[in-house]
1. Run through region 21-63 and list the GluC sites (Glu not before Pro) located in a DSSP loop whose Cβ has at most 15 other Cβ atoms within 10 Å.
2. Sticking with the crude label model, points 7 Å out along Cα→Cβ, report the distance from ARG224 to GLN38 in nm, one decimal please.
3. Between their Cα atoms, which of LYS245/LYS294; LYS109/LYS226; LYS226/LYS294; LYS223/LYS245 are more than 28 Å away from each other?
4. Once you mark the trypsin sites (Lys or Arg not before Pro) that are in a DSSP loop and have at most 16 other Cβ atoms within 10 Å, what is the longest gap between them in the chain?
5. Suppose every Lys and Arg Cβ carries +1 and every Asp and Glu Cβ carries -1, with no other charges. What dipole size does the chain come out with about its Cα centre, to the nearest 20 debye?
6. Based solely on its DSSP helices, what 222 nm [θ] is calculated for the chain when runs of n ≥ 4 H residues each add -39,500 (n - 2.57) and the sum is averaged over all residues, nearest 500 deg cm²/dmol?
7. Testing the spin-label approximation: label points 7 Å from Cα along Cα→Cβ at ARG279 and ASP231. State their distance in nm.
8. Just going by the charge dipole of the chain, with Lys and Arg at +1 and Asp and Glu at -1 on Cβ, which of THR113, HIS157, ILE194 is farthest out on the positive end?
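Please treat every number below as a calculation from the coordinates, not as lab data. Only a predicted model underlies this, so the values are computations on that prediction, with no experimental measurement involved. FYI the Cβ positions are ideal-geometry reconstructions off the backbone, even for glycines, and counts take in every protein chain you see.
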Amino acid sequence: MSAIRPLLPTPASGSSRFALFLSGSGTNAEKVLEHLRQLGTGTACTAAALVTDAPETSRARELGAQYGLPVIEHDIRAFYQAHGETRVSIATPRGQEIRQAWTDILRAKLADTAIDFGVFAGFVPLTNLTADFPCLNVHPGDLTYRQDGQRWLVGLHTVPIERAILAGLDYLRTSVIQALPYTGKGEDMDNGPILGISPEVDIDLQGHTVEELAACVPQRPAKRPKEGFADALENVAVHNQDRLKVGGDWVVLPRVVVDFGQGRFGLDEGGTLHYRMGRNWHPIETVVYGTGDKEVIFAEP
């Protein structure tokens with residue numbers, strides 16, 4: 001067997017520390033904190049800080065006060081405006097330059113936290129902090145579903161859910177991946193190891209047919225408006241995204257965080273994901289996490 005490289009090296013203290021990154025309501029971060037509180041001591045991982053790019057509108061301060069955690073704030077919108085940009089974007093070289101400068105400052109703000117990994121729990125900005133320490137990201141799509149050998153339910157906003165609907169699937173899943181550094185190429189979006197997926201969440205078409213919803217696509221402008229497409233397909237996708245958050249994100253993310261914090265995931269020299277049970281590593285596709293159990297999906301020989 002090839003040597004296994006743990007995705008999270010064992011901390012010198014024996015207990016890992018992580019930061020939760022959030023941009024909005026913070027419900028995913030809150031569920032992680034609730035889960036850790038329910039487990040009590042002995043989980044071998046600890047939340048060390050909350051990080052937000054939207055200090056005035058996110059719930060980071062509220063959650064920090066509730067759970068006794070420091071809050072690290074770095075307003076990305078104000079930063080872009082201070083550099084003469086009205087839109088927060090990395091679509092241009094100038095936008096990418098500003099994003100890197102913003103990330104460098106955030107990196108400095110994190111220096112004293114001594115965290116071992118990060119958890120993007122509804123964190124909007126793409127940032128290459130993922131090259132500094134392992135980072136987990138929750139994604140509203142089943143990344144084990146493939147078309148032509150490629151992960152199909154990828155993308156931003158409601159794109160993964162719309163793709164699931166248009167593919168004729170009758171269920172959704174949330175995936176938790178290790179986020180990899182973003183190079184600006186579309187093909188490296190959502191391509192990290194799939195650490196866990198949620199149980200299936202039924203798709204509710206709200207009385208529409210797939211054919212009716214598919215007819216929205218040719219009517220859309222080439223570029224997504226800032227406020228979204230606001231058509232039937234997007235409306236149905238938003239409705240299902242809310243349902244997936246409850247039945248998917250809130251189930252799988254807290255449990256992956258604990259397993260990751262305990263050093264249960266690794267990669268072999270060929271890039272195959274492994275899961276540690278006891279002292280032994282096993283090659284896997286992913287792990288399906290339920291509210292009270294989990295199913296390890298072993299890799300094909």
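1. Values: sites: GLU30, GLU34, GLU56, GLU62; in loops: GLU56.
Listed in order of number, the matching sites are GLU56.
2. Output for this residue pair reads 3.1 nm.
3. Values: LYS245/LYS294 18 Å; LYS109/LYS226 30 Å; LYS226/LYS294 39 Å; LYS223/LYS245 26 Å.
As for pairs spanning more than 28 Å Cα to Cα, those are LYS109/LYS226; LYS226/LYS294.
4. Values: sites that count: ARG87, LYS185, LYS223, LYS226, ARG279.
The answer is 88-184.
5. Working: 28 positive and 37 negative charges, 140 e Å.
With Lys and Arg at +1 and Asp and Glu at -1, about 680 debye.
6. Numbers: 8 runs with 84 residues, N = 301.
Using -39500 (n - 2.57) per qualifying helix, the result is -8500 deg cm²/dmol.
7. Placing both labels 7 Å along Cα→Cβ, they lie 6.0 nm apart.
8. THR113
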